[in-house]
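Every read-out reported here was derived from the displayed coordinates using simple, explicitly stated rules and does not represent laboratory data. Worth saying up front: this structure is predicted, and the values here are computed from it rather than measured. Cβ atoms come from the backbone with ideal geometry, glycine included; neighbour counts cover every protein chain shown.
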Amino acid sequence: MNVAIVILIVVVGVVALVAAILFVTRTVLRRVTLSSGRMIAENFADKDIVRSDPAANFFGLASKGGRQVRGNGALVLTEHVLWFRRIGSTRPLEIPLASIELVDIVRSHAGKSVGQDLLRVGFGGDSAAWYVNDPRSWIDGIKHQ
């Protein structure tokens, strides 16, 4: 077999694999966003929502350390509460804004990092963190409620 043909087959295979991975990733993210959007609609009226992210990536609670279920879900800020429900969970995490002791940006939380800024919220001696779009605007939203 000619070396050029082998190289062509390898390149085509790599391109096909990358395309398949991108397709699956987009499909999963779209399903997460739709599912989270339904959770938000079931629990909140549009007028009550200050900010929301249907695909927030939850890094867990500091008190539970590295061995806990993490994942994507719906993060919602209202005038009175920061609310999160992970896809597949039936119980939301509800943090009354009055109980928030700190809100800042960190690069890791509960033993995990993605090399991006994370929104961290401290409350009741514990903290939770999320990877969200524009964490600084979340901080501003939380501080101004």
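Okay, here's what the table says:
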| item | result |
| --- | --- |
| Residue in the range 81-94 that is hydroxyl-bearing (Ser, Thr, Tyr) and under 24 Å from residue 117 (Cα atoms) present | no |
| Top-ranked residue of the range 107-145 - restricted to ones that are of a type in the set (Val, Ile, Thr) and more than 14 Å from residue 58 (Cβ to Cβ), ranked as surrounded by the fewest Cβ atoms within 10 Å (Cβ to Cβ) | 139 |
| Qualifying position, being touching a helix residue (DSSP H, G or I) at 6+ places or on another chain (Cβ under 9 Å) and either farther than 18 Å from residue 131 by Cα or of a type outside the set (Val, Ile, Thr) (or both), among 34, 75 | 75 |
| Cβ-Cβ under 7 Å pairs, at least 6 apart or on other chains, the range 1-16 side in contact (Cβ under 8 Å) with a residue 60 or more places away in the chain, far side basic (Lys, Arg) | none |
